[in-house]
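Report on the structure given below.
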Amino acid sequence: MKQPLTITKMKKMKQSGEPISVLTAYDYPSAKLAEEAGIDVILVGDSLGNVVLGYDTTIPVTLDDMVYHTRAAARGARQTFIVADLPFMTYRLGKETTLRNAARLMQEGHAHAVKMEGGADIAEEVAALVQAGIPVMGHIGLTPQSVHQLGGYKVQGKLEQEAKQLVEDALALEAAGAFAIVVELVTEPLGEAITSALKIPTIGIGAGRSCDGQVLVYHDILQYSSPYRAKRFVKTYADLGTTVRSAISAYVSDVKSKAFPQEEHSFPMDQELVKHLYGAGSAAHEPASDDRPTSGGKQA
């Protein structure tokens, strides 16, 4: 049986140059399939707000949403390391609040670790969680919970000062005890610089080829959405959206034309039992007869 990846093993993977594969999953079947496919880490991301719940951003996602979906994914992938996002405004409100909310993802959601967006500004809260025994994965670069402040989903770190700040943020998270850091939507040279500066693994998404691992969204690599919007940093491996839509359309057509169900989709019953249940003279089960009584009980 597969043994779940551990924080120690992930750090060794960085040292040995073995890339870490990470994929989002938000429910039992997707997590189970990801585990069966050999994924190293499952991220139950608050991106479920976009791809599962139909929101435009991750901001409306609640802690209850995250607990519910993390618990479902954990049931599907019992042998895989699971990281769950702390959603918008469940941290940055003081260490006690952050601890309480992270504890729910661990105790109720059965996550192995939590992920938090931010840099040096959240280092104290990260340290408090780590001290309490809660592993933390950081997240810098494009941070979707701050999309309105950032002015949209744009590549980060293009300017020198921004790039320096992101390196400093990564080092601050490492010093606070984070075991890995997601680096999202930054230039490739900056992704390489951050990775080289750290002893802990970087998990890139749109951050180039030098990160210690890569993460993508389940629905993106499978085109499991409608309409699907292509992204430069995503490689798609299947077109499930078209397959699912075509299958449902065929089902609708069969129902409308009465091509489904057929005899092979129905369950027979012993004819003697049919007679017992419905009566030997049931019009639904026997041919019509001119010798049947009229409503007055007389023969015609």
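Listed values, structure above:
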| item | result |
| --- | --- |
| Members of the range 68-77 that are surrounded by fewer than 21 Cβ atoms within 10 Å (Cβ to Cβ) and either out of contact with any helix residue (DSSP H, G or I) (no Cβ under 9 Å at 6 or more places or on another chain) or assigned to a loop (DSSP other than H, G, I, E, B) (or both) | 68, 71 |
| Single residue of the range 165-224 satisfying the filter (surrounded by fewer than 20 Cβ atoms within 10 Å (Cβ to Cβ) and among the acidic types (Asp, Glu)) that is farthest from residue 34 (Cα to Cα) | 168 |
| Residue 71 closer than 23 Å to residue 40 by Cα, free of Cβ contacts under 8 Å to residues at least 40 places away in the same chain and under 17 Å from the mean Cα position of the chain (by Cα) | yes |
| Top-ranked residue in the range 28-62 [being in a helix (DSSP H, G or I) and of a type outside the set (A, V, I, L, M); ranked as farthest from the chain's Cα centre (by Cα)] | 36 |
| Residue 65 being modelled with pLDDT of 95 or more, in a loop (DSSP other than H, G, I, E, B) and crowded, with 16+ Cβ neighbours inside 10 Å | no |
| Test: residue in the range 243-260 that is modelled with pLDDT of 95 or more, in a helix (DSSP H, G or I) and assigned by TED's automatic domain parsing to the domain that holds residue 41 | no |
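The values are calculated or read from the model by the stated rules, or taken from the named source; none is laboratory data. Small disclaimer: the values here were computed from a predicted structure and weren't measured. Glycine gets a Cβ as well: all are built from the backbone with ideal geometry, and neighbour counts include every protein chain shown.
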